[in-house]
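Everything on this sheet refers to the single structure shown next.
The values are calculated or read from the model by the stated rules, or taken from the named source; none is laboratory data. Keep in mind it's a predicted model, so treat the numbers as computed, not measured. Counting neighbours? That spans all protein chains shown, and the Cβs are built from the backbone with ideal geometry, glycine included.
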Amino acid sequence: MYFRSILFSLIFFLVVSPRFLQAQDTKPWLSEYSSHIQYEDVYVVKKIQVSCRQYDTYLVDSQGRKLTPAYRDIGPFSGGLAEFVVKEGYQNKQGYHGFIDKRGKVVVPPVYLGTDRFVNGITWVIYDAGEQYGLSYIDSTGKEFFTVPVHLFKNDFLKSKATIDYVCNQDTKEDLIWWKNKEIYLLNWNFSPFIEKEIKESDGVYHFLYKGKYGIISKDMVLRVPVVLDGIDPEYEFSGQGLERLQYGDKFGYMDRYTGEIVAPFIFTDTRKPTAGLFWAKKNGKWGCIDKTGKTRIPFLYDEATGFTGEDRSAVAIDGKFGHIDKKGNIRTPLKYDFASYYNHGISMVRVGDRYGYIDIDGKPITPFHFEEALPFDHPTTLAERYGVKYEITTKGEASFAGFNYKWKALFILLGLGLFIYLNNKVFRMGQRRRAAKG
């Protein structure tokens, strides 16, 4: 035990102690600065004149030679680059952020209002975008490869409502924040290792919730939609065919569920589940159709509309008159009926006045228009009523008796009850007369 203690002390004296002394004795220039951090053969040093107000930060080599002019701050190196913030007198860009390499060379010019360290060769940047702040992603050369569509969210990320916050003496640790109902909201987001693992393993884009608002991020850790959404539809209740319906305020739009790209902006007040590759949506009080790319395929003309069926037909209405169109928007049944159902089994139920009938795929009637009640062809046959009598209707227009409606049934019950009472009363009186005759 004694020998081990002597051996450890000798190793410390010969190996560790000389390095420690060398670091202290050979770098006296470090004492000129208030703080320093070493990154291999370079140092980030800071000289503070007035805390939180006046300070200079430099990148220096191992001999103390300055590799950069005085900046307000230089952050940690990651991927060979470090964030820096310029001070007054630098091209009128005080407080702007950029990136330098370990030689002090400016790789990404200081044109951004906020950013973060590079991870896997990418990072986000915040900049002035009119009435809002914008958010994009850049690679290690400074090239922007994705712009978050902040402009689609007109009520959020306004410059007039933003607060800039940073850590004293460390301008690289700066954030733009927005307060909503006493809660902090950010334009940029960082995630814990556990959530990051979930994101990268997700099927398609990843939805996350913060204080009642949703955001969307893709597997490459790029924020596709900021945390502003009021509704999402990952279960496809209102979505389908590769697009997901999103809600912002009281309006709806669509996103590619695999890439996170917004393909249709938030301009719709209502939508229907897509059919046949088309999405019925309501804009300015009228229904029309868009496709998977967000392009309008059927103009926004209709007051009512149903989904397309296998017959390539949708029931539509303008000014209270119904008919049918195909997926190209061509009118296939004139808009002349007071009501028209969707097609199924090649037949549509239509109404003229207060009478119903049925038409085939060519718009030809297969029954008279004399039914008072009728159902669409959800099955190979359907039911219709005339004068309270139910008929089973086939796709050929053939009608067969199928019973009575509830009114007739109620009448039969009343008649039966009346007949029962009458007969019962008659039997009772006959009994009375017989007892009187015997007495």
- Query: Out of the residues in region 319-335 that are under 32 Å from the mean Cα position of the chain (by Cα) and surrounded by fewer than 19 Cβ atoms within 10 Å (Cβ to Cβ), which is farthest from Val350 (Cα to Cα)?
  - Reply: Lys328
- Task: Scan region 138-155 residue by residue and report those that are over 17 Å from the mean Cα position of the chain (by Cα), surrounded by 13 or more Cβ atoms within 10 Å (Cβ to Cβ) and touching a residue at least 24 places away in the same chain (Cβ under 8 Å).
- Result: Ile138, Ser140, Gly142, Phe146
- For the subset of region 109-132 comprising residues that are over 23 Å from the mean Cα position of the chain (by Cα) and free of Cβ contacts under 8 Å to residues at least 24 places away in the same chain, which member is surrounded by the fewest Cβ atoms within 10 Å (Cβ to Cβ)? Gly130
- Does region 391-403 contain at least one residue that is on the phi < 0 side of the Ramachandran plot, within 43 Å of the chain's Cα centre (by Cα) and without any contact (Cβ under 8 Å) to a residue 40 or more places away in the chain? no
- Message: If Phe412 meets every condition in (1) of a type outside the set (Lys, Arg); (2) touching a Phe, Trp or Tyr at 6+ places or on another chain (Cβ under 8 Å); (3) at pLDDT 75 or above apart from one, which number is that one?
- Response: (3)
- Note on the structure: Looking across region 48-60 at residues that are touching a residue at least 12 places away in the same chain (Cβ under 8 Å) and not in a strand (DSSP E or B), the single one that is nearest to Val106 (Cα to Cα) is Cys52
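Let's see how each residue does on (1) of a type in the set (Lys, Arg); (2) touching a strand residue (DSSP E or B) at 6+ places or on another chain (Cβ under 7 Å); (3) over 30 Å from Gln241 (Cα atoms):
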residue	(1), (2), (3)
Thr296	no, yes, no
Tyr302	no, yes, no
Gly310	no, no, no
Asp319	no, no, yes
Lys328	yes, no, no
Ser341	no, yes, no
Phe369	no, yes, yes
Leu375	no, yes, no
Asp378	no, yes, no
- Is there a residue in region 224-247 that is in contact (Cβ under 8 Å) with a residue 12 or more places away in the chain, touching a helix residue (DSSP H, G or I) at 6+ places or on another chain (Cβ under 7 Å) and not polar (S, T, N, Q)? yes
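Restricting attention to region 14-37, and to residues there that are at pLDDT 50 or above and among the hydrophobic types (A, V, I, L, M, F, W, C), which single residue is surrounded by the most Cβ atoms within 10 Å (Cβ to Cβ)? Talk me through it step by step, then tell me what you get.
Of the residues in region 14-37, the ones at pLDDT 50 or above are 26-37.
Then drop every residue that is not among the hydrophobic types (A, V, I, L, M, F, W, C), which leaves 29-30, 37.
Numbers: Trp29: 14, Leu30: 16, Ile37: 13.
The residue in question is Leu30.
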- Residues of region 200-220 being in contact with a strand residue (DSSP E or B) (Cβ under 7 Å, 6 or more places away or on another chain) and under 22 Å from Glu144 (Cβ atoms), in sequence order, are Val205, Gly215, Ile216, Ile217, Ser218
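Just to check your reading of the model, which residue among Gly64, Gly75 is in contact with a Lys or Arg (Cβ under 9 Å, 6 or more places away or on another chain) and not in a strand (DSSP E or B)?
On the way: Gly75 fails: not in a strand (DSSP E or B).
Among Gly64, Gly75, only Gly64 is in contact with a Lys or Arg (Cβ under 9 Å, 6 or more places away or on another chain) and not in a strand (DSSP E or B).
Name the one entry in Asp233, Asp165, Asp171, Asp256 that is under 18 Å from Asp116 (Cα atoms), acidic (Asp, Glu), touching a strand residue (DSSP E or B) at 6+ places or on another chain (Cβ under 6 Å) and buried (at least 16 other Cβ atoms within 10 Å of the Cβ). Spell out the reasoning first.
On the way: Asp233 fails: under 18 Å from Asp116 (Cα atoms); Asp165 fails: buried (at least 16 other Cβ atoms within 10 Å of the Cβ); Asp256 fails: under 18 Å from Asp116 (Cα atoms).
The unique qualifying residue is Asp171.
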- Subset of region 341-397 (residues that are more than 13 Å from Gly323 (Cα to Cα), among the acidic types (Asp, Glu) and part of a strand (DSSP E or B)): Glu373, Glu385, Glu392
- Item | Verdict on Ile290 being surrounded by 17 or more Cβ atoms within 10 Å (Cβ to Cβ) and within 12 Å of the chain's Cα centre (by Cα) | no
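When you go through Leu176, Leu158, Leu135 one by one, which is the residue that is of a type outside the set (Asp, Glu), closer than 22 Å to Pro265 by Cα and buried (at least 17 other Cβ atoms within 10 Å of the Cβ)? Working first, answer last.
Values: Leu176 fails: closer than 22 Å to Pro265 by Cα; Leu158 fails: buried (at least 17 other Cβ atoms within 10 Å of the Cβ).
The conditions single out Leu135.
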- Assuming Lys295 fulfils every condition listed in (1) free of Cβ contacts under 8 Å to residues at least 24 places away in the same chain; (2) more than 30 Å from Val150 (Cβ to Cβ); (3) surrounded by fewer than 17 Cβ atoms within 10 Å (Cβ to Cβ) apart from one, which condition is it? (2)
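Of the residues Asn190, Asn169, Asn181, which is in contact (Cβ under 8 Å) with a residue 60 or more places away in the chain, polar (S, T, N, Q) and farther than 24 Å from Tyr258 by Cβ? So that I can check it myself, show each step before the final result.
Details: Asn190 fails: farther than 24 Å from Tyr258 by Cβ; Asn181 fails: in contact (Cβ under 8 Å) with a residue 60 or more places away in the chain.
Checking each option against the conditions leaves just Asn169.
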- Tally of residues being closer than 19 Å to Leu59 by Cβ and either touching a His at 6+ places or on another chain (Cβ under 6 Å) or of a type in the set (D, E, K, R) (or both) across region 113-146: 3
- Message: When you scan region 38-47, do you find a residue that is at pLDDT below 90 and either outside any strand (DSSP E or B) or of a type in the set (Val, Ile, Thr) (or both), even just one?
- Response: no
